[in-house]
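The values are calculated or read from the model by the stated rules, or taken from the named source; none is laboratory data. Predicted model, so just to flag it, every value in this text is computed and none were measured. Neighbour counts are summed over all protein chains in view; Cβ atoms, including those assigned to glycine, are modelled from backbone coordinates with ideal geometry.
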Amino acid sequence: MSQNRRIPFGYKMENGEITAEPTEAKAVAKIFEDYLAGSSLLDIAKQMQDIGVPYHPHGVCTWNRNMVKRILENDRYLGTDKYPQLVDEIKFKQVNRLKSQKATNLCIVPDELTELRNMTVCSECRKRLFRNQNGTWNCKTVGCCGFKHTVTDHMIISAVLNMLNSAIANPSLLDAGGEISIYTPNGYVTRQKNEIDRLCDSSDIDYDRIKAETMKLAEIKYDCCSYDDVPQKTQYLKKLLAVKSQLNSLDFDLLKLCVGHILVSHYACICLEMINGVRIVNNTERKETGNECNDNSSDQNSCGGRSE
């Protein structure tokens, strides 16, 4: 059974019109009230699961924090030409103002912290960073010098959120060079061509031999071809982000789909290395360190601005 909703949670199609689904509409109201009362996204997801209202129509009653997050951010609950109002404007604004504040405070759950640690590496040695219990990060790889500035959870997540929103607003940041297939002939190709030419110039032409050598040349040429999937990955990224609105808080599911690594330099420069190899640099990074901010692992990026 499909798990995708064609109509937002809280609504149903009846006689060709979208109307409120009573049980789900009550759940929507409770979600907004509970969030304002201080419940976390994960707490609300567990509450919805305990209540027994499935998120997907006729589906199993499984909830997660991202489902709750989508509901809290869906402005169609304010009412449109097609959708009846389920949430008043004041409460909607209060909830999303509170969400923004929580995003600033960077309250992340342990699973998300694990994901962040797995993706965050030192831009100099490419080894995973060490996170202290107080929420600061450092590189402790032997032979790689420690950070010159303090790097915190807040700095990393704020920078990542800023860079993802930049990519959503400006898809051209994701552009990368590359060809679908790259052909690089080697000496074997030249020798095989010469052999075929010699056979063709012979006074006693052996057509079967020429055919066999020609097939061998085709195999050698094929081995000289390499496949580059960067263009496909770039199109995938653009398609994925095209349907996204500006994020108020970090979407870790989206982050895992888009980003290969979060790179942090010893001078607190942070950038995203996307799955197609393009790097997006945070435009709010410190500038007072001048050229010291340059990342040794890439000569294409500079601190303080976005670049590929």
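Numbers below:
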read-out: Tally of residues being closer than 17 Å to Val259 by Cβ and surrounded by 16 or more Cβ atoms within 10 Å (Cβ to Cβ) across the range 217-237; value: 5
read-out: Index of the failed condition, Val142 passing every other in (1) loosely packed, with under 11 Cβ neighbours inside 10 Å; (2) in contact with a Gly (Cβ under 9 Å, 6 or more places away or on another chain); value: (2)
read-out: Single match in Lys26, Lys82 (criterion: in contact (Cβ under 8 Å) with a residue 12 or more places away in the chain and of a type in the set (Lys, Arg)); value: Lys82
read-out: Residue that is modelled with the lowest pLDDT [pool: residues in the range 1-40 that are part of a loop (DSSP other than H, G, I, E, B) and of a type in the set (Lys, Arg)]; value: Arg5
read-out: Residue that is surrounded by the fewest Cβ atoms within 10 Å (Cβ to Cβ) [pool: residues in the range 41-57 that are modelled with pLDDT of 90 or more and aliphatic (A, V, I, L, M)]; value: Ala45
read-out: Selection within the range 224-261 - of a type in the set (Asp, Glu) and either in contact with an Asp or Glu (Cβ under 9 Å, 6 or more places away or on another chain) or touching a residue at least 24 places away in the same chain (Cβ under 8 Å) (or both); value: Asp228, Asp251, Asp253
read-out: Residue within the range 247-255 that is modelled with pLDDT of 85 or more and touching a strand residue (DSSP E or B) at 6+ places or on another chain (Cβ under 9 Å) present; value: yes
read-out: Residue match in the range 58-68 (condition: under 15 Å from Phe9 (Cβ atoms), surrounded by 13 or more Cβ atoms within 10 Å (Cβ to Cβ) and either acidic (Asp, Glu) or more than 28 Å from the chain's Cα centre (by Cα) (or both)); value: no
read-out: Subset of the range 257-292 [more than 15 Å from Leu173 (Cβ to Cβ), at pLDDT below 90 and crowded, with 22+ Cβ neighbours inside 10 Å]; value: His266, Ala268
read-out: Total residues in the range 144-154, condition in contact (Cβ under 8 Å) with a residue 24 or more places away in the chain and in a loop (DSSP other than H, G, I, E, B); value: 6
read-out: Positions within the range 265-278 being in contact with a Ser or Thr (Cβ under 6 Å, 6 or more places away or on another chain) and either within 17 Å of Leu116 (Cα to Cα) or not assigned by TED's automatic domain parsing to the domain that holds Cys145 (or both), in sequence order; value: Ser265
read-out: Count of residues meeting criterion [over 20 Å from Arg279 (Cβ atoms) and either of a type outside the set (S, T, N, Q) or assigned to a strand (DSSP E or B) (or both)] in the range 118-143; value: 8
